[in-house]
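What follows is a short report on a single structure.
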Amino acid sequence: MALVVICGQPCSGKSTAAFFLAEALKESESNSTIRIIDEASFHLDRNQSYANMTAEKNLRGALRSEVDRSVSKDNIIIVDSLNSIKGYRYELWCLARSAGIRYSVLFCDVEETQCKKWNEQRMDKCEATYDDTIFEDLARRFERPDRRNRWDSPLFELSPYKDGIQKSSAAIVDAVSYLTKKVDSKTRDVKILHPTIATQSTRFSEANSLYELDRATQEVTNVIVEAQSQSIGGPLNGISLGQGLPTLNMSRSVGLPELRRLRRTFIKLTGQTSLSGPPPPSDAESAKRMFVDYLNRELGTT
């Protein structure tokens, strides 16, 4: 249903924000399963995880893989980590888009000096803290989210130092409303990400993908050419390609050269995401469905 990325400087209140957001979501009318994915889930020491670039890269990879396995249209996943690099937030956004779910960022906006004080206070309480050198390095490399970026939008901002963090915090209330609001054809303030051809999960085995794609797209092309020859150049509406397949509506005549170009482009785009593994039972039907959807979008007939 949704992916929420918690973002902020080290020791800025991210885990507290994730906890209260999860609690507020559980008390809402949403029937979705709420889950927090954080570094503690992997029993990792924060200083070891950020000791060097290799360790940090491994941590981000582990978090990303767990998110990839967990996102679905039936749950809300909260990623509680620094998420300080905009390129990494983009990768998480892509996972949400591939799953066809909502996405948002909850930002804990606290000045570095205050975060450093909180880190020192935790040290005095023998709680988990960052070593000074690691803290300074992470704070220096932090890339603040910008709501103008699609991977940082919508952006809900908390001010933990000024206002504290509660379930009733305005940013959490707004985030819960966005994440749980029912969507219909008239909804404009909630964005459901939609997979593109490059992120759709239809899988073809390496040995059969090119053959299946070539055969399926050629069959669709043949049907279009035959239908156009019978219509004597007039518009075609509702070309049926078989049971369970979307209808192709042609508002104009499309020449064979253009059809061939569109077919080549589709095969190239789809081939970029081919993954090895056993193909689904209806590879050809899946390819036809994707190709017709692609034609409807490219030809502007949807």
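The values are calculated or read from the model by the stated rules, or taken from the named source; none is laboratory data. Because the structure is a prediction, the values reported are computed rather than measured. All Cβ positions, even for glycine, are placed from backbone atoms using ideal geometry, and neighbour counts span all protein chains on display. The protein model used for the area step is the full one, side chains on, heavy atoms only, and it has no ligands, DNA or RNA in it. Shrake-Rupley method; radii C 1.70, N 1.55, O 1.52, S 1.80 Å.
When you check residue 89 against the structure, is it open to solvent by 30 Å² or more (accessible area, probe 1.4 Å), under 26 Å from residue 24 (Cα atoms) and modelled with pLDDT of 90 or more, yes or no?
Values: open to solvent by 30 Å² or more (accessible area, probe 1.4 Å): no; under 26 Å from residue 24 (Cα atoms): yes; modelled with pLDDT of 90 or more: yes.
Considered against the rule, which asks whether it is open to solvent by 30 Å² or more (accessible area, probe 1.4 Å), under 26 Å from residue 24 (Cα atoms) and modelled with pLDDT of 90 or more, residue 89 comes out as no.
For residues that are assigned to a loop (DSSP other than H, G, I, E, B) and among the hydroxyl-bearing types (Ser, Thr, Tyr), scanning just region 192-251, find the one that is modelled with the highest pLDDT.
247
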Residues within region 156-186 that are open to solvent by 70 Å² or more (accessible area, probe 1.4 Å), without any contact (Cβ under 8 Å) to a residue 24 or more places away in the chain and among the hydroxyl-bearing types (Ser, Thr, Tyr), tallied: 2
Conditions (1) in a loop (DSSP other than H, G, I, E, B); (2) among the acidic types (Asp, Glu); (3) at pLDDT 95 or above: number failed by residue 136: (1)
Region 39-70, residues that are surrounded by 18 or more Cβ atoms within 10 Å (Cβ to Cβ) and not in a helix (DSSP H, G or I): 50
Residue in region 37-56 that is in contact with a strand residue (DSSP E or B) (Cβ under 7 Å, 6 or more places away or on another chain), more than 19 Å from residue 10 (Cβ to Cβ) and modelled with pLDDT of 95 or more present: no
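Take residue 258 and decide whether it is at pLDDT 75 or above and of a type in the set (Asp, Glu). First the steps, then the outcome.
Details: at pLDDT 75 or above: yes; of a type in the set (Asp, Glu): yes.
Spelling it out, residue 258 is indeed at pLDDT 75 or above and of a type in the set (Asp, Glu).
I'm trying to understand the selection: among the residues of region 99-134, which are of a type in the set (A, V, I, L, M) and either within 26 Å of the chain's Cα centre (by Cα) or closer than 16 Å to residue 80 by Cβ (or both)?
First, pick out the residues of region 99-134 that are of a type in the set (A, V, I, L, M): 99, 101, 105-106, 110, 123, 128, 134.
Once the filter is applied, which keeps residues that are of a type in the set (A, V, I, L, M) and either within 26 Å of the chain's Cα centre (by Cα) or closer than 16 Å to residue 80 by Cβ (or both), region 99-134 yields 99, 101, 105, 106, 110, 128.
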Those residues of region 1-38 which are closer than 13 Å to residue 171 by Cβ and either open to solvent by 60 Å² or more (accessible area, probe 1.4 Å) or basic (Lys, Arg) (or both), in sequence order: 14, 16
Unique residue being at pLDDT below 95 and open to solvent by 40 Å² or more (accessible area, probe 1.4 Å) when the list is 144, 148: 148
